[in-house]
Amino acid sequence: MILNSCENNPGDVGLSFISPNDTTGVKFLDSETDSMEITSYSFKKLINAYASSTMLIGKYEQYESKTLLKFTDISGDYDSSTILSATLVLKNSNYYYVNKTGTTAFNVFKVNQNLDFTTLTLDSISSSTIGTTSLGSYSGVVPDSQTISITLDNQTVKDWLESAADTGYAEKNYGVMLQPTSASNTIKGFYSYANVLDNIPYLSIVRTKSGVTDTLKLISSESVSLSDAPETVIPQDRMLVQNGIAYRCGLNFDLSKLPPNVIVNNATLEFTLDTKSSFTSESGSKTMIVGLINDTANNNDTLFVNAFLKDTINYSVSLNQIFQNWNSGNLPNLGVSIRGSFELQNIDKFVFFSPTSPDAATRPRLKIYYTLRN
């Protein structure tokens, strides 16, 4: 004989068929109807974008992006050369923020210190880190998928070749900073070293040595972009998530109405995108990453979960593991963080309605199904 039965403690699939008013022992809390307070804040978390496939350069209103670039693995065979010309070539990745046909303008300055590009963040740079004499410049509208060329100072490039041959040479190769000027009214993305050979930046050097003139092409490089914007870019009654800088947002939940040590069957957080205030590129990802905050001093997080769009503006994410850890007392309830999944790749801007939004329908909403333990 076969008996059909149901689970006393249903999982995520079964919960969708259960009314909040059921009599199976599953309880339901809704922040919208049960006065479960949610508070939010936005914060800046300086990141290292060394792994990015894009170098960001330019200015747009209160936003600024600059890039450190260094050519590496230079052979020691090119010392004692006379440099006839040196040209830096960058290829447009077709990423922009926010003005696609705006002017990109920047100067090239010498880096005065040996920097670790793999750990560098915005606060690692001081006024003494970068030189003040321009080694080259560019200003113009960058065509889609095309390259731009910047003529560099011959003596600086000669110093790079000499220092590659002689580690005791006084002038070291610490790379250059591509620093935007006030003439720039957009931020452009150029392919970095982390791309296929046809797209990466390179340095073309025409030189003479021992009566022979030839052209060198340096292709091995490393780079890291540094982007910034003041907190005044955060709109009122909103939460800001912005890649590259990076801005993240935090959410705190008053769980006093959730009994301790219950079984959290499903905890779902929903939040809404303000599309009018946001800027997202066609090539970027709109997926968000939600993490459990385990250090409020530095807003460090763990236990990451992806949050996806249910439609064009509404996100939903299941946070069962996070809420179960809080409720069981394994981890303190310090809230969650939200960041962009493409945080290292661009500076796309995601503005979400906060718990103080005048329109209640757009506020973050928390739904918790739980079962009391026997």
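The values are calculated or read from the model by the stated rules, or taken from the named source; none is laboratory data. Since the structure is predicted, the reported quantities are computational estimates derived from the model, not experimental observations. Reconstructed Cβ throughout: ideal geometry from the backbone, glycine too, with neighbour counts over all protein chains shown. Ligands, DNA and RNA are excluded from the accessible area calculation, which covers all protein heavy atoms including side chains. Shrake-Rupley method; radii C 1.70, N 1.55, O 1.52, S 1.80 Å.
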- Message: Take residue 117 and tell me if it is assigned to a loop (DSSP other than H, G, I, E, B), of a type in the set (Phe, Trp, Tyr), closer than 21 Å to residue 200 by Cα and touching a residue at least 12 places away in the same chain (Cβ under 8 Å).
- Response: yes
- Hey, among the residues in region 90-114 that are in a loop (DSSP other than H, G, I, E, B) and in contact with a Phe, Trp or Tyr (Cβ under 9 Å, 6 or more places away or on another chain), which one's least open to solvent (accessible area, probe 1.4 Å)? 102
- Task: From the list 163, 137, 81, pick out the single residue that is among the small types (Gly, Ala, Ser) and without any contact (Cβ under 8 Å) to a residue 24 or more places away in the chain.
- Result: 163
- Given the residues 267, 307, 297, which is the only one that is hydrophobic (A, V, I, L, M, F, W, C) and within 18 Å of the chain's Cα centre (by Cα)? 307
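Residue-by-condition table, conditions (1) assigned to a loop (DSSP other than H, G, I, E, B); (2) open to solvent by 60 Å² or more (accessible area, probe 1.4 Å):
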{"residue": "200", "(1), (2)": "yes, no"}
{"residue": "232", "(1), (2)": "no, yes"}
{"residue": "235", "(1), (2)": "yes, no"}
{"residue": "275", "(1), (2)": "yes, yes"}
- When you look at residue 145, is it of a type in the set (Gly, Ala, Ser), assigned to a loop (DSSP other than H, G, I, E, B) and free of Cβ contacts under 8 Å to residues at least 12 places away in the same chain, yes or no? no
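Rundown of residues vs (1) surrounded by fewer than 15 Cβ atoms within 10 Å (Cβ to Cβ); (2) assigned to a strand (DSSP E or B); (3) touching an Asp or Glu at 6+ places or on another chain (Cβ under 6 Å); (4) acidic (Asp, Glu), yes/no style:
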| site | (1), (2), (3), (4) |
| --- | --- |
| 40 | no, yes, no, no |
| 70 | no, yes, yes, no |
| 80 | yes, no, no, no |
| 88 | no, yes, no, no |
